[in-house]
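Peer 1: Supplied in structure tokens, the structure appears directly below.
The values are calculated or read from the model by the stated rules, or taken from the named source; none is laboratory data. All values derive from a computational prediction rather than experimental measurement. Every residue, glycine among them, receives a Cβ derived from its backbone with ideal geometry; neighbour counts consider all protein chains shown. For the accessible areas, the whole protein counts, side chains as well, though only heavy atoms, and no ligand, DNA or RNA atoms are used. Shrake-Rupley method; radii C 1.70, N 1.55, O 1.52, S 1.80 Å.
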Amino acid sequence: MKERNVDDGHIINLNSMSRHCVVPSTDLHFYSSTKFAVTALTEGLRQELREANTHIRATCISPGLVETEFGPHLYSDNADKVAAVYTKFRAMEAIDVANAVTYVLSAPPHVQF
């Protein structure tokens, strides 16, 4: 953006609700740690952009459970576990995440997420 003289861009990192807490599942502890890292990276970038007096924004969107291939791949040897999660919680669809991105992009320039 800097090379192209863009001063009103928006960097959006798609994260996870796992950035807010560590779920009590040993299978997901590493996943949660990567999401905490994305949060720190985005916040650090947001602060740098503000300090540089740019109008570029940095945002982290953290959806909860989204119907993707992540669960089936993680538990490929245990389809019952995947089915239990998707039965217990209503999963979002990809369009829900896309709508969140659209909402963030449509916010006035002075709004920070």
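Peer 1: Could you identify the single residue in Arg46, Arg19 that is within 21 Å of Met92 (Cα to Cα), in contact (Cβ under 8 Å) with a residue 12 or more places away in the chain and of a type in the set (D, E, K, R)?
Peer 2: Testing whether each residue is within 21 Å of Met92 (Cα to Cα), in contact (Cβ under 8 Å) with a residue 12 or more places away in the chain and of a type in the set (D, E, K, R) leaves just Arg19.
Peer 1: Identify all residues within segment 1-35 that are open to solvent by 100 Å² or more (accessible area, probe 1.4 Å), under 22 Å from His73 (Cβ atoms) and either in a helix (DSSP H, G or I) or among the acidic types (Asp, Glu) (or both); write none if there are none.
Peer 2: Listed by number, the residues that qualify are Thr26, Phe30.
Peer 1: Among residues belonging to segment 94-113 that are loosely packed, with under 13 Cβ neighbours inside 10 Å and part of a helix (DSSP H, G or I), point out the one that is modelled with the lowest pLDDT.
Peer 2: If we take residues in segment 94-113 being loosely packed, with under 13 Cβ neighbours inside 10 Å and part of a helix (DSSP H, G or I), then Ala94 is modelled with the lowest pLDDT.
Peer 1: Right, something else. Restricted to segment 53-93, and to residues that are surrounded by fewer than 11 Cβ atoms within 10 Å (Cβ to Cβ) and either more than 25 Å from Val23 (Cα to Cα) or among the small types (Gly, Ala, Ser) (or both), which residue is modelled with the highest pLDDT?
Peer 2: The residue in question is Asn53.
Peer 1: While we're on this one: Can you tell me which condition Val22 does not meet? The list is (1) touching a Leu at 6+ places or on another chain (Cβ under 9 Å); (2) at pLDDT below 75; (3) aliphatic (A, V, I, L, M), and all the others hold.
Peer 2: All conditions are met except number (2).
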